[in-house]
Amino acid sequence: MSDVRYPFTAIVGMSDLRLGLLLNAVSPAVGGVLVRGEKGTAKSTMVRALAGLLPSIATVDGCRFACDPAAPDPQCPDGAHAGAASAERPAQLVELPVGVSEDRIVGSLDLERALAEGVKAYEPGLLARAHRGVLYIDEVNLLQDHVVDLLLDAAAMGRSYVEREGVSVRHAARFLLVGTMNPEEGELRPQLLDRFGLTVEIAATREPAERAEVVRRRLAYDAGPDAFAARFAAEELALAARITAARELLPAVELTDTALRQITAVCAAFEVDGLRADIVMARTAVALAAWAGRTEVQAEDVRKAAQLALPHRRRRNPFDAPGLDEEQLDRVLEEQARQEPEPAEAAEGSGPEEDPDPEGGPDGPDGDGPQDGGPDGPGGGAPEPSAGPEAPEAGATGPEEPADSGGAGEAAPQPVPAQHPSPGRETAPVAAGDPYRTRLFAVDGTGRGAQGRRSPAETDGGHTVRARRPRGRLARLHLSATLRAAAPHQVARGRDSRALVLHKDDFREQVRQGRESNLVLFVVDASGSMAARQRMTAVKGAVLSLLMDAYQRRDKIGMITFRGSSAELALPPTSSVEVGAARLESLPTGGRTPLAAGLLRAHEVLRVERLRDPDRRPLLVVVTDGRATGGGRDAVAQSHRAAGLLAAQGVASVVLDCESGPVRLGLARTLASRLRATAVTLDELRADGVASLVRDSRPGGTSRPATTATRKAA
C-alpha cells in the first residue's frame, strides 16, 4: 500500500464533513467531530487526508511529549526544557485500534528499565503521541466504555493524568479528536455523544454522475498515487494556507452580544442538557467566522454552528435518533432577531462608551440585511411559518403523545374488548407503554464475557482482585506479585547487581473483576390471544424497559416472535438496541400460538451464538400467556419438551406471564417450571417485578434479589 495519502481536495461531495473537520483544524477547542455514516463512505479516507493539511509544528528537540518551545509544559515528564533546542516536524496522526488497552492509551511503567535497572520510569502512550496532532478513533462505538470515557476526558481537559503501578505523571494532551462510527453496529451513549463537539451524518450520494466520479478518482489513485496526488497539489497547498490564515485570524474574531444571545436562545429552545452545547456553539461560530475571513460572528455562523453542534445533543432517551428540526431553528433565530433592540435603542442605552453601529446595518440581526436571504439564512426574508410557530410542533409531536404520556386523560382512545379477537385475524400494531427504570440483577456466577455493566466477570478493564500464574501468553503483568515470587530465590540464583534474576515461573498476571454484558434473547408471543390492546401495550412497555436496560448495560439483544404456524427471528443478536425498539413498535399480532416453535427457534439461535461467542452468557426472556394452539393436539406437550431442551442446556430464563382475567389456567407458570425459570405476572410489572427479576436468573432456575451493594452500584 502506498504511503501517499489520498488528497483531501480530491474527495467528492461530503460538504458537511469537510467543513466539520476544517473547523476543528482551525480551532481544536471546538472539541472534535463525530462522523456517523454507513459503511464505504470515505470517512477514514477524509480523516487521514486532513492530517496532511495541518501546519508543521515546532517541538522541543528530544521531548517525547511534543512540547512547544515557545510555551513548554511546566509539568512535562521530560523536564522544564529551559533553553532547549527546537525541531520542526509534521503534525502527528495517531490512529486508535478497536482493541486498544488502557495502558497503551495513557502509558505505563517502563517494565524493561524497572526490572533491569531497578528504577521507576514512565513509558508514554498514544495520548502523548497525539499531542498537538490528530487522534483518530475508527469505529468509536465499538470501544469499551471506560476507554472512551478516558479519551474524552483527556480531550476535554487537554491533559492526561496517569496514576498506576507507582507512577504519577501529568502531561499535556491537546489534539484534534475525530471519531467515526456506523450506527448499524450500535449507538454511543448520550453522555458520550455530548463529549464530542460536532457531529456529522453522511451517506453515499445517490446521483449516478457523482458516484461515477468517486469511482473514477479512486481507480486513478490506486493506479498511480504519486501522479494522482500531484494533480491536486496546488489545491492542497491553497487549502493548507487557508487553514493557517484562519488560525491566525481566530483570536481577532469578536463574538458579539447579539450572536451570543442567539446561541443561548437556540440551546434553550432545543432543551439541551447542561451548558456544553452553548460553549461548543460559540467556539464553532467563531471558527466559522475565521474560516470565512471575517472578524465578527454573524447569524449565518450561529445557524451553521447549531446544525453541527446540536443534533447529537437532542436525544432525550437512548432510543431517539440524533437530529435537528431546522424549521424550529429558523423560528428561534427569527424570534430572537425580532427581540433584539433597534440600533437607536441600543445606542441610547449604551452610555458614553463608543460603540459604532454594533448591531445595525446590513450585517445586523434585525433581518433587514442581504445575508438573511442567503443560502444559509431562513430564505428570502419572507416569514416562513404562515400558520404560526405552534402548528409544526403540534403536528410533529401529536402522533407520539399516546406513547409518551402517562396520563389516562391524554392517551389515545382505548377500546378494550371484553374478549380476545379471533385467533386467525391479524390486528394492527399497538404502541408500547412508557419505559421505566429497572434494578440491576445479575446472572449468577463469574463470567468471562465482553465488558459491560450486568453480571460479575473477569474482564480486562475491572479492578485487580488477585494474581495468578499466566494462562497462556502473559497479558497483564502483576508487578508486585512477580517481584514477591522472585525475591526469595535471588541469592540462590547468584544475583550480584541491581537487576533482578527472573525465571519464567516467577511471572504473575493480574486477575481483574468487573462486569460483563450478556445476550438477552426475547421470545415474544404475538398470537391472537395476546392481541388485547391494553394487555399488549403493557407487555410492550415491559419489553421496552428491558431493552432500555440492556442498552445501558451494553448487552447484545435478539428477538424471536411466534404466531400463526411458525416462529420468526425478528432481530438477530445485535448491539443495536435501537433496532430492537423499532421492531417491537411495529410488531403485529394475530393467529395461533406455536409456542414450541418459538422455544425451538430460541434453542437454535443460542446454539449458534454459543459457537460465535462462547464467553457471552445468555438470558432468555419468554413473553407469553402459556397457551399453545399450534402444532396439533399435543401442542402443549411439544412446548414442554422444547422447554426441557433449553433447561438441559443450563440457559438462564424468565417467563413473563401475560395471562389476564378472573380465571387463569396457570399455563405460563407450568412452562416456567419446565424451563427451570422464574414466572412473573403482568400484575407485578410496575412493582419491581418483571424487569428486576429478569436481571438475576441463574441457570439452576432460581432468581435472587441483588445485594445492597449491587443495588447501590446500579
The condition from (1) aliphatic (A, V, I, L, M); (2) surrounded by 18 or more Cβ atoms within 10 Å (Cβ to Cβ); (3) more than 30 Å from Thr464 (Cβ to Cβ) that Val162 misses is numbered (3)
Collect the residues in the range 134-159 that are modelled with pLDDT under 85, more than 18 Å from Ala42 (Cβ to Cβ) and outside any helix (DSSP H, G or I), keeping them in residue-number order. Leu143, Gln144, Gly158
Tell me, yes or no, whether the range 71-91 has at least one residue that is of a type in the set (A, V, I, L, M, F, W, C), touching a Gly at 6+ places or on another chain (Cβ under 9 Å) and open to solvent by less than 10 Å² (accessible area, probe 1.4 Å). no
Restricting attention to the range 558-574, does a residue exist that is open to solvent by less than 40 Å² (accessible area, probe 1.4 Å) and acidic (Asp, Glu)? no
With (1) over 23 Å from the mean Cα position of the chain (by Cα); (2) assigned to a strand (DSSP E or B); (3) among the charged types (D, E, K, R) as the list, and Asp3 as the residue in question, which single condition is left unmet? (2)
Quick check on the range 684-696: of everything there that is in a helix (DSSP H, G or I), crowded, with 18+ Cβ neighbours inside 10 Å and out of contact with any strand residue (DSSP E or B) (no Cβ under 8 Å at 6 or more places or on another chain), which residue is modelled with the lowest pLDDT? Ala691
Which condition number does Leu150 fail, the rest of (1) open to solvent by less than 20 Å² (accessible area, probe 1.4 Å); (2) under 28 Å from Pro74 (Cα atoms); (3) out of contact with any Lys or Arg (no Cβ under 9 Å at 6 or more places or on another chain) being met? (1)
Kindly indicate whether Gly20 is among the small types (Gly, Ala, Ser), in a loop (DSSP other than H, G, I, E, B) and touching a helix residue (DSSP H, G or I) at 6+ places or on another chain (Cβ under 8 Å). no
Selection from the range 184-209 of residues that are touching a residue at least 60 places away in the same chain (Cβ under 8 Å) and open to solvent by 80 Å² or more (accessible area, probe 1.4 Å): Glu184, Glu201
All-but-one check, Leu177 against (1) at pLDDT 85 or above; (2) over 20 Å from the mean Cα position of the chain (by Cα); (3) aliphatic (A, V, I, L, M); (4) not in a helix (DSSP H, G or I), failing number (2)
Report every pair of residues separated by at least 6 positions or lying on different chains whose Cβ atoms are under 6 Å apart, first residue within the range 594-612 and more than 16 Å from Leu571 (Cα to Cα), second open to solvent by 10 Å² or more (accessible area, probe 1.4 Å) and part of a helix (DSSP H, G or I). Ala596/Gln638
Of all residues in the range 552-580, count the ones that are part of a loop (DSSP other than H, G, I, E, B), at pLDDT 85 or above and under 30 Å from Arg448 (Cα atoms). 1
Residue pairs, Cβ under 9 Å, 6 or more apart or interchain, first in the range 457-478 and within 10 Å of Val511 (Cα to Cα), second loosely packed, with under 14 Cβ neighbours inside 10 Å and of a type in the set (A, V, I, L, M, F, W, C). List them. Glu458/Val465; Asp460/Ala475
Could you give me the residue pairs with C-beta distances under 6 Å whose first residue belongs to the range 217-233 and is farther than 10 Å from Val4 by Cβ, whose second residue is part of a helix (DSSP H, G or I) and of a type in the set (Phe, Trp, Tyr) wherever it lies, and which are 6+ apart or on separate chains? Ala220/Phe228
Which fully enclosed helices (runs of 4 or more DSSP H) of the range 212-322 have 2 or more residues being surrounded by fewer than 17 Cβ atoms within 10 Å (Cβ to Cβ)? 225-231, 233-249, 257-269
Can you go through Ala652, Ala643, Ala648, Ala635 and tell me which one is closer than 16 Å to Ser527 by Cα and out of contact with any His (no Cβ under 7 Å at 6 or more places or on another chain)? Ala635
1 or more residues in contact with a helix residue (DSSP H, G or I) (Cβ under 6 Å, 6 or more places away or on another chain) and open to solvent by 30 Å² or more (accessible area, probe 1.4 Å): qualifying strands (runs of 3 or more DSSP E) within the range 450-550: 451-468
Let me confirm something: among Val94, Val47, Val30, Val26, which residue is over 27 Å from Leu249 (Cβ atoms), among the aliphatic types (A, V, I, L, M) and open to solvent by less than 10 Å² (accessible area, probe 1.4 Å)? Val94
So, first residue in contact (Cβ under 8 Å) with a residue 60 or more places away in the chain and assigned to a loop (DSSP other than H, G, I, E, B) in the range 72-87, second residue open to solvent by less than 70 Å² (accessible area, probe 1.4 Å) and among the small types (Gly, Ala, Ser), Cβ within less than 6 Å, six or more apart or across chains; the pairs are Asp73/Ala172
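The values are calculated or read from the model by the stated rules, or taken from the named source; none is laboratory data. Just so it is clear, the model here is predicted, and its values are computed rather than measured. Positions of Cβ are generated from backbone atoms using ideal geometry, with glycine treated the same way; all protein chains shown enter the neighbour counts. Accessible surface areas use protein heavy atoms only, side chains included; no ligands, DNA or RNA. Shrake-Rupley method; radii C 1.70, N 1.55, O 1.52, S 1.80 Å.
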